[in-house]
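Read through the structure below, which is laid out as structure tokens, and then see the notes.
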Amino acid sequence: MSSPRWTKLLRDVHRALGRVFVLVGTLAIICMAFTALLVAYSVLSRESARDYEATHPADAQILLDRADEQAVASVRSHPQVLAAEAGGMVRGWIAAKDFWMPLQIFVVPDFTALQINSVQVVSGSRSPTSDALLIDSGGLRLLGAREGARVRLRLSGDSARQVVLAGVVHDAGIAPASIEGRVTAYATTELLSRLGQPSPLDRLKLVFRLDALATSNTEALALDVARNLGAMGYSIREIQIPPRGAHPHQLLNDSLLVVLIAFGVLGLIASGVLTRTLMGGLLESQVREMGIMKAIGASSRDVAHMYLVFVAILAALSALIGVLPGIIAARVLARILATSMNVELASLTAPGWTFIVPAAVLVLTAVHAASTRILLAANRSVRECLVRNAASENPATLPGGKRLTIGRVPASFQLGVRLALRHRRALLSNAFWVAIGGGLFIGSFNVVASWNSLTADVNEGRRYDAEIQLHEPATLSDLAAQVRPLTEVAALESWPIVPAALAPQEGLAVSHTYPDGDHGQLYLRGTTVPTELVHLPIEAGRWLRPTDRNAAVLNPRASVSMFHNARPGDSIRVMVQGSTVKLRVVGIATEVLTGATVYASPDVVASLLGSGHEDAGTLTNSVLIRFRSGTESRAALRAVVARLETAGLAVRAAFTISDLEVGQRAHAQVVSRAATVISALMLIVATCGLSAALGSQVARQSREIGVLRAIGAKDREAIQVLVTEALCAAVTGALLALPVAALITVALIQLIRFATALPMPMTIAPFAPVVWTGAVLICAVLASIAPSVRALRVTVREALSG
Amino acid sequence: MPQAPLSVQENAPAVALRDVSKSYSGPSGAAPALRAINLRVQPGEAVAIVGRSGSGKSTLINLISGIDRATEGEIHVAGVPLHSLKESDMARWRGQSLGIVFQFFQLLPTLTVLENVLLAMEFARTVPPADRGRRAQELLATLGVAGHAQKFPQQLSGGEQQRVAVARALANKPAVVVADEPTGNLDSGTAAEVMKLLTGLAYVGHTVIVATHEQELLPLFSRVVTLRDGRIAGDHPMASNE
């Protein structure tokens, strides 16, 4: 014969099936979300590390005048070097549908022997012929081409040549093509020679022995190798040492994953509060029965034990329901994020703890959260449980004893408001859901708005439409002569740019650049002072003045990542083209998603390029152009590039500001998508929580509903009272959500400022509170109508007798 | 395993109240419900507690059953000093030594009639599990509701529900049975039947104490205690109707 106490609980669950369903459903959603986030985090962490390590990334790259066989043999004979290969990298353009897209080609002498910074062949040829390329899979998608297609490409001002896309590879060592807006390809020296690049091998990729790395740092080892090469007569341009074991987008990836986990944890906390709220409602309906059980011999412990087991079973059931969809969702999430992170997933298997932990934590959180309410209820005396006294609740008074009246407003509305004020604990408890969910919802959109505001401010400071970089410096007057006749061009300024490195060690420049030559690269940029085209927001100090000499303004990445938080007044030293330059920092300018850049006074770069800086004879390798208003920038830029190349001025890179903004949006899209998903999840959890809480509250108020009907209220009026009470909770919560959102926004902005050194403004997304308030008001109405209608089916006598 | 019963002194009164007072705190200060009550009930007596509304009848029943605690004085029921029992011991004592019948029956709506009786035995743990089902069926048969064993309380009439409540109260063979207005929710015919059932328990060794306002049913009791304004205003035996 089954135990009557457990039989009672099972039948109680059946009686309150709606509320139990909401509790189990919401907890299952939270468990699913947390499981998905944890499993995806585990898979992506493992797979991104594995994928990147599988490329056998070089510990260091030495850029030199020529990486010939003698250099390779010399490096390989170094006692600390485990492996060494020659390589090269050239930039150019590849024809997309109707425009030229930036292209970088990694030069590989022998694809069959490629070990360092290797690629994984996805399809097609493993070793391209002299008229073919291998292309990265992301680049292929970006290009909209297919394997085997013939594409046109240009290098260093030469005319376009056709090559075949012989194979597709996956290169885990590069950032995603969709975010970088650049195609990456791989070619032999023969192809490069055909394309007019006879000596493309200009770097040595090194992997050091583990025992060597254990006793010395990478920089010292690389410097030793470079010194030997220097002694052999090679000219060393730079030593590049990328962060060990870190993908070029590691920071972005890690930040995203941490944010996902943080929201998963918040969801778990929300599950505890939801359980507490719902159990409070369920227990209220059980108070009389608890009293009966205690009257016939049950101890408080017996009663508490029953309901704690009840909560544990419900939570375990929720976990069981949520875990499997969570694992499935994790696989989808992992695939989506892997694409944006350029990670090839070899396995989606996650360790068991990633789905056991969310389930266990959910159960423990639910039991812990409910235990206070259960113990409180179980420890009530029999008399308290059996004797109901509605008059014991606080009357709806304002401070000072004034009663709330609202003019000629209908009585049902007034009564609803008074009831809401009388049930203050329930009001605040119900409002809690709206406040917390709203805080997270609004906070997420505020962060996105802050980011957009920052990028808008920065982009506002870019008052040009396009930038053109040349392969070889030319005089500004020559450039102007070619460009100004074009009617589209309204302004032209010289802003030369050269790669730079940190303070040299023994005359050799060391940087933390990745093999793609961008991520981690430091740039020195000459300026036009005063300028019409560039007005970056100044975070500290000032912009450059015409009278400045050897002065510099840093962007945040340069200041924080390269020069140890250099501030105005500090001095920095950079290595450019073999020369060391000492500069005085006069300001910090705000830029987003731009590499570390030192903006130097015009004298600095001009002297590096070998000319004066105050006349039309100034040499420059980069210009900024503003087109006349109404001009289509891309078409105008194509016209400018064509004219320059016709004049023998080879163009290395050309892009519009909109291209730059596309890249910014792509970088931000990952985070903004995550914010949207999290906000949607918060909306679901909060509305489920509010629905559950309101449903419980209406059930608790059956006696009051009975009184209303006994004194003549129509069903419609009784529903109006209850809906008004629910709307009071929704409005209270929506108002409380604003300060909560402010706190969350401040916390997140501070975190981003700390992590990125960017001066993120505090910005409000005005639509977010409106959307949130509208959603919860609708939810409050819907959530209170259904239980109200159910409560009205009970007869007045039954309602009054409890 | 049945737990060891709390100690019972032989020849002691079944119920003894000594200078018992009870006050309730309210917005306008302390409101006395009972004042200096001294009462002794011998084993096997059937005592009616009568008085107007607000005289303290329900309060007295609550104190005797341990549902409430006295503000002052001593209460001994079935030899156990309730005034010094901890709350956890009170529940165990109540399950083993006392049976309670309420005005509104207070049966658990999601349990069948049989399960309601079994639940009392499960909490008290005095009747071995193997014997519980049989004992419950016997009790229900004795009270004339065995045919409703598998029904839920709301499917029964008021009188039938009250009979089930009496069966539940007797489940653990309590020494004392208390009832607070057990016929307040019943028609006169059914009320008389239920009251006869309750007072009949005295003949089989139970001590029965019933708070009631049913004047016409008082002859069923062996003694009537009258409360007025929280004090005992009268205490006299009833002439036997046998």
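The values are calculated or read from the model by the stated rules, or taken from the named source; none is laboratory data. Remember, predicted model here, so these are calculated numbers, not experimental data. Here Cβ is always computed from backbone atoms with ideal geometry, including for glycine, and neighbour counts include all displayed protein chains. SASA here: full protein model, heavy atoms, side chains in, ligands and nucleic acids out. Shrake-Rupley method; radii C 1.70, N 1.55, O 1.52, S 1.80 Å.
Taking other residues whose beta carbon is less than 13 angstrom from the beta carbon of A:ALA330, and scoring Lys, Arg as +1 and Asp, Glu as -1, yields +2. Of the cross-linked pairs A:LYS294/B:LYS173; B:LYS22/B:LYS196; B:LYS151/B:LYS173; B:LYS57/B:LYS196, those separated by over 27 Å at the C-alpha level are B:LYS22/B:LYS196. Between the amide H of A:HIS535 and those of A:ARG462, A:ARG463, distances stay under 5 Å, these residues lying 5 or more places away or on another chain, with hydrogens modeled in the peptide plane. Counting Cβ atoms of other protein chains within 10 Å of each residue's Cβ and taking the mean over peptide B:108-121 gives 6. Taken about its Cα centre, chain A carries a charge dipole of roughly 4460 debye when the Cβ of each Lys and Arg holds +1 and the Cβ of each Asp and Glu holds -1. The separation of region B:182-217 from region A:16-43, counted between C-alpha centres, amounts to 54 Å. Once each part is reduced to its C-alpha centroid, what is the distance from region A:625-651 to region B:30-109 in angstrom? Rounded to whole Å, the Cα centres lie 100 Å apart. Short-range pairs are left out: with C-alpha atoms under 8 Å and at least six residues apart, the relative contact order of region A:259-386 is 56 percent. Derived from the Cα gyration tensor, the three semi-axes of the equivalent ellipsoid of region A:266-386 are 42, 12, 9 Å, largest first. For the options B:GLY184, B:GLY44, B:GLY230, a Gaussian network treatment of chain B with springs between C-alpha atoms closer than 10 Å singles out B:GLY184 as fluctuating the most. Maximal additional length on extending the A:ASN217-A:ASP110 stretch stands at 35.5 nm, based on 0.36 nm per residue less the C-alpha distance.
The mean sequence separation of alpha-carbon pairs under 8 Å and at least six residues apart, normalised by the residue count of chain A, gives a relative contact order of 17 percent.
Here the translational diffusion coefficient of region A:402-475 follows from Stokes-Einstein with Rh set to the Kirkwood radius across Cα pairs; for 37 °C and 0.692 mPa s it amounts to 181 µm²/s. Dividing the summed -39500 (n - 2.57) terms of all DSSP H runs of n ≥ 4 by the residue count of chain A sets its mean residue ellipticity at 222 nm at -18000 deg cm²/dmol.
When a/c reaches 1.5 or more, the comparison of a/b and b/c decides; with that in mind, is region B:95-242 rounded, prolate or oblate per its Cα gyration tensor? It is prolate, given that a/c is not under 1.5 and a/b is the larger ratio. Mind running the shape call on region B:46-172? Use the C-alpha gyration tensor, a ≥ b ≥ c as the square roots of the eigenvalues: rounded below 1.5 for a/c, prolate if a/b tops b/c, oblate otherwise. Because a/c hits 1.5 or more and a/b fails to exceed b/c, region B:46-172 counts as oblate. If a paramagnetic tag sat 7 Å from the Cα of A:PHE99 along the Cα-Cβ line, which residues of region A:630-651 would have the backbone N under 14 Å from that point? Taking a point 7 Å out along Cα→Cβ of A:PHE99, the residues of region A:630-651 whose backbone N falls under 14 Å are A:631-641. Taking every protein chain into account, the accessible area of the protein assembly as shown amounts to 42 square angstrom per residue (probe 1.4 Å).
At 20 °C and 1.002 mPa s, what whole-number value in µm²/s does Stokes-Einstein give for the translational diffusion of chain A, with Rh from the Kirkwood sum over Cα pairs? The Stokes-Einstein estimate is 69 µm²/s. Counts of other chain beta carbons within 10 angstrom of each beta carbon in peptide A:286-292 average 3. Summarising the amide proton neighbourhood of B:ASP68: residues at separation of 5 or more, or on other chains, whose placed amide H is nearer than 5 Å comprise B:LEU63. Could you check how much of the accessible area of chain A is carbon and sulfur, as a whole percent, using a 1.4 Å probe? Carbon-and-sulfur percentage of accessible area, whole number: 59. Here the Karplus relation 6.51 cos²θ - 1.76 cosθ + 1.60, evaluated at θ = phi - 60°, turns the backbone of region A:530-547 into coupling constants of x, 10, 8, 9, 10, 9, 5, x, 9, 8, 8, x, 8, 7, 6, 10, x, 8 Hz, with x for every Gly and Pro. Over chain B, DSSP H runs of length four or greater, each weighted -39,500 (n - 2.57), average out per residue to a 222 nm ellipticity of -9000 deg cm²/dmol.
For B:LYS86, the aspartates and glutamates whose Cα falls under 19 Å of its own Cα, not counting residues fewer than eight places away in the same chain, are A:ASP302, A:GLU384, B:ASP68, B:GLU72, B:GLU74. Each Lys or Arg adds one and each Asp or Glu takes one away; over the other residues whose Cβ falls under 14 Å from the Cβ of A:THR275, this sums to +3.
Specify whether the C-alpha gyration tensor of region A:526-596 places it in the rounded, prolate or oblate class, a ≥ b ≥ c being the square roots of the eigenvalues: rounded for a/c under 1.5, otherwise prolate if a/b is larger than b/c and oblate if not. Judged from the Cα gyration tensor, region A:526-596 comes out rounded (a/c under 1.5). Against chain A, whose longest principal axis comes from its Cα atoms, helix A:250-295 is set at around 0 degrees. Using only Cα atoms and rounding to the nearest 10 degrees, what angle (0 to 90) does helix A:633-646 make with the longest principal axis of chain A? Value to nearest ten degrees: 10. With bins 5 Å wide beginning at 0, the percent of Cα pairs of region A:156-227 falling in each bin runs 3, 10, 15, 15, 16, 15, 12, 9, 4, 1, 0. Projecting the Cα positions of A:TRP6, A:LEU213, A:LEU470 onto the charge dipole of chain A (unit charges on Cβ atoms of Lys, Arg, Asp and Glu, taken about the Cα centre) puts A:TRP6 furthest along the positive direction.
Towards the positive end of the charge dipole of chain B, with charges on Cβ (+1 Lys, Arg; -1 Asp, Glu), say which of B:PHE221, B:PRO27, B:ALA124 has the farthest Cα. Most positive-ward Cα: B:ALA124. Within the listed set B:ALA31, B:ALA175, B:ALA48, the residue fluctuating most in the Gaussian network model of chain B (springs between alpha-carbon atoms under 10 angstrom) is B:ALA31. Sequence-distant contacts, meaning Cα pairs under 8 Å at least 6 residues apart, place the relative contact order of region B:108-242 at 19 percent.
Can you work out the PRE-style zone for B:ARG52? Point 7 Å along Cα to Cβ, and I want the residues of region B:207-223 with backbone N under 19 Å. Flagged as within label range: B:212-216.
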